[in-house]
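For reference, the structure is listed below as structure tokens.
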Amino acid sequence: AQSVAQPEDQVNVAEGNPLTVKCTYSVSGNPYLFWYVQYPNRGLQFLLKYITGDNLVKGSYGFEAEFNKSQTSFHLKKPSALVSDSALYFCAVRGRGSQGNLIFGKGTKLSVKP
Amino acid sequence: EPEVTQTPSHQVTQMGQEVILRCVPISNHLYFYWYRQILGQKVEFLVSFYNNEISEKSEIFDDQFSVERPDGSNFTLKIRSTKLEDSAMYFCASSAVGGNQPQHFGDGTRLSIL
């Protein structure tokens, strides 16, 4: 079965420092991977996706993610964190089928302190 | 930028009553989805809808639930005989055709069953 794991419930980073939010996946076949961010009382906002091609994917708000097939990982990164990046981050993999549903990880709370 | 809109933002209902959650997907999208997020838990897929029929549904989406596209713009989720455990955030999403297209989410409806 397709699944996603986010091993960290919370990540704490100082403003200006690089951040990494971890995600590993388990799929049969080639994965379609996504990162979403959720601010308080808001829906999930699409950040970036990996479908095929370059392993380093760039997305919104300066975020990027690195696809690593051998480690089955898709970690979210940003070179310099902002306080406004504080939010809940979800990794997701597309389920079976051409328009399959998204299977989400449990989410990681990112806290960026000034 | 086009958005998925959901109404109401908060719905309070007595147990056993029926509720209808409403969504207006992005206008040129053809795939529609409902997800739910019980407080403190993962975002879970409920159902996907394409070409006026359900294309996929999860185990959660039993006979208590139904979806409908009553006109060219709205997409609704009906929950009959609500139970306490139906209390959750319900998110609507839509996407364009193509397996690499991201799903775009609304801000959700918080459903509270008393």
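The values are calculated or read from the model by the stated rules, or taken from the named source; none is laboratory data. As the structure is a computational prediction, the values presented were derived from the model and not from experiment. Using ideal geometry, Cβ is built from the backbone for each residue, glycine included, and neighbour counts are taken over all protein chains shown.
Figures for the structure shown
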| read-out | value |
| --- | --- |
| Any chance residue A:30 is among the polar types (S, T, N, Q) and either farther than 22 Å from residue B:39 by Cβ or not in a loop (DSSP other than H, G, I, E, B) (or both) | yes |
| Subset of the range A:55-97 (residues that are of a type in the set (S, T, N, Q), outside any strand (DSSP E or B) and buried (at least 17 other Cβ atoms within 10 Å of the Cβ)) | A:86 |
| Any hit, the range B:82-101, residues being more than 21 Å from residue B:18 (Cβ to Cβ) and of a type in the set (D, E, K, R) | no |
| Subset tally (residues that are of a type outside the set (Gly, Ala, Ser) and either touching a Phe, Trp or Tyr at 6+ places or on another chain (Cβ under 8 Å) or assigned to a loop (DSSP other than H, G, I, E, B) (or both)) for the range A:1-15 | 7 |
| Some residue of the range B:60-69 being within 14 Å of chain A (Cβ to nearest Cβ), at pLDDT below 95, within 18 Å of residue B:107 (Cβ to Cβ) and assigned to a loop (DSSP other than H, G, I, E, B) | no |
| Residue A:52, sole failed condition from (1) more than 22 Å from residue B:107 (Cβ to Cβ); (2) assigned to a strand (DSSP E or B) | (2) |
| Which listed residue, of B:92, B:23, is crowded, with 20+ Cβ neighbours inside 10 Å, within 14 Å of chain A (Cβ to nearest Cβ) and either over 19 Å from residue A:92 (Cβ atoms) or touching a helix residue (DSSP H, G or I) at 6+ places or on another chain (Cβ under 6 Å) (or both) | B:23 |
| Boolean, residue B:37 is more than 17 Å from residue B:20 (Cβ to Cβ) and either within 13 Å of the chain's Cα centre (by Cα) or buried (at least 17 other Cβ atoms within 10 Å of the Cβ) (or both) | yes |
| From the options B:53, B:68, B:18, B:59, residue that is over 24 Å from residue A:3 (Cβ atoms), free of Cβ contacts under 8 Å to residues at least 40 places away in the same chain and exposed (fewer than 13 other Cβ atoms within 10 Å of the Cβ) | B:53 |
| Every residue from the range A:2-34 that is among the polar types (S, T, N, Q) and either closer than 16 Å to residue A:94 by Cα or without any contact (Cβ under 8 Å) to a residue 24 or more places away in the chain (or both) | A:2, A:3, A:6, A:24, A:26, A:28, A:30 |
| Unique match (being farther than 16 Å from residue B:102 by Cα and in contact with a Leu (Cβ under 8 Å, 6 or more places away or on another chain)) among A:49, A:106, A:78, A:69 | A:78 |
